[in-house]
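Student: This is the structure, below, for whatever I ask next.
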Amino acid sequence: MDRCKRLSDYSIFIDRVRKNEKSSMSLEDAVNLAVDSCIEEGILAGILRKNRAEVRDLILYEYDEQRQLVLAREGAMKAGLAKGQELGMELGMEKGMESGRHAEKVALIRKMMTRGFDLPAIADMLDVNEAYVKKVLDRMGEEGEKTDLEIALELCKQEQSLPSDDSSIT
């Protein structure tokens, strides 16, 4: 900018507009004060004297357009965030209900085993396949007592990692 005085002067002018506006002035007053002070100090003086109204209108229009863009971006970001939260809540509720259904089946399998039902009978009564009942029983028999919910969550995670055509529950 040191090589081009006009560009340097323009940068000083814009900086003054910004500083004026930050000091609680309206944008219009900030532009008018910047124009006056620059003319007094010989910064873009010829252009500002000759085209004061056009420069003022252009700066006001540019600032307004930039503000509208910022407001539009902020609005879009807020809408996107709200939509993301909404989808996240829906997905969380679906996953929670799915885990609850699995936990209920696990609890029923545990209860039926303690009452002496065999694997095929449990699968038939709960309308699930025997492989699912076996997976649950295997996890119940693993070292360290797991809760029904822990077993259900493991099975849900495992189910999600399988291709969609594998239906080991029903």
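The values are calculated or read from the model by the stated rules, or taken from the named source; none is laboratory data. All values derive from a computational prediction rather than experimental measurement. Glycine gets a Cβ as well: all are built from the backbone with ideal geometry, and neighbour counts include every protein chain shown. Accessible surface areas use protein heavy atoms only, side chains included; no ligands, DNA or RNA. Shrake-Rupley method; radii C 1.70, N 1.55, O 1.52, S 1.80 Å.
Student: Mind telling me which of the residues G100, G92, G96 ends up being under 29 Å from N129 (Cα atoms) and surrounded by 11 or more Cβ atoms within 10 Å (Cβ to Cβ)? Don't jump to the end; show me each part of the working.
Tutor: Details: G92 fails: surrounded by 11 or more Cβ atoms within 10 Å (Cβ to Cβ); G96 fails: surrounded by 11 or more Cβ atoms within 10 Å (Cβ to Cβ).
Criteria check complete, one pass: G100.
Student: Name, by its number, the condition in (1) buried (at least 16 other Cβ atoms within 10 Å of the Cβ); (2) over 30 Å from L137 (Cα atoms); (3) aromatic (F, W, Y) that does not hold for Y61.
Tutor: It fails just one condition, (1).
Student: Where in the stretch 37-128 are there helices (runs of 4 or more DSSP H), lying wholly inside it, with at least 3 residues that are more than 21 Å from Y10 (Cβ to Cβ) and in contact (Cβ under 8 Å) with a residue 12 or more places away in the chain?
Tutor: Numbers: elements: 45-50, 52-114, 119-126.
Filter on the stretch 37-128 gives 52-114, 119-126.
Student: Within the stretch 1-11, can you find the residues that are in contact (Cβ under 8 Å) with a residue 12 or more places away in the chain and open to solvent by 60 Å² or more (accessible area, probe 1.4 Å)?
Tutor: Of the residues in the stretch 1-11, the ones in contact (Cβ under 8 Å) with a residue 12 or more places away in the chain are 6, 9-10.
Answer for the stretch 1-11, where residues must be in contact (Cβ under 8 Å) with a residue 12 or more places away in the chain and open to solvent by 60 Å² or more (accessible area, probe 1.4 Å): R6, Y10.
Student: Quick one: T114 ticks every box in (1) under 20 Å from E150 (Cβ atoms); (2) surrounded by 10 or more Cβ atoms within 10 Å (Cβ to Cβ) bar one, so which box is it?
Tutor: So T114 meets the others, but not (2).
Student: Tell me, yes or no, whether the stretch 15-26 has at least one residue that is at pLDDT 85 or above, in a helix (DSSP H, G or I) and of a type in the set (S, T, Y). Give the steps one after another, and end with the answer.
Tutor: The first filter runs over the stretch 15-26 and keeps only residues at pLDDT 85 or above, leaving 15-26.
Remaining after also requiring in a helix (DSSP H, G or I): 15-22.
Adding the requirement that they be of a type in the set (S, T, Y) leaves none.
No, the stretch 15-26 contains no residue that is at pLDDT 85 or above, in a helix (DSSP H, G or I) and of a type in the set (S, T, Y).
Student: I would also like to ask the following. Just checking, how many residues over the stretch 19-38 are within 34 Å of the chain's Cα centre (by Cα), charged (D, E, K, R) and surrounded by 13 or more Cβ atoms within 10 Å (Cβ to Cβ)?
Tutor: 2
Student: Could you please give the count of residues in the stretch 12-28 that are more than 16 Å from L58 (Cα to Cα), touching a residue at least 12 places away in the same chain (Cβ under 8 Å) and among the hydrophobic types (A, V, I, L, M, F, W, C)?
Tutor: Number satisfying all stated conditions: 1.
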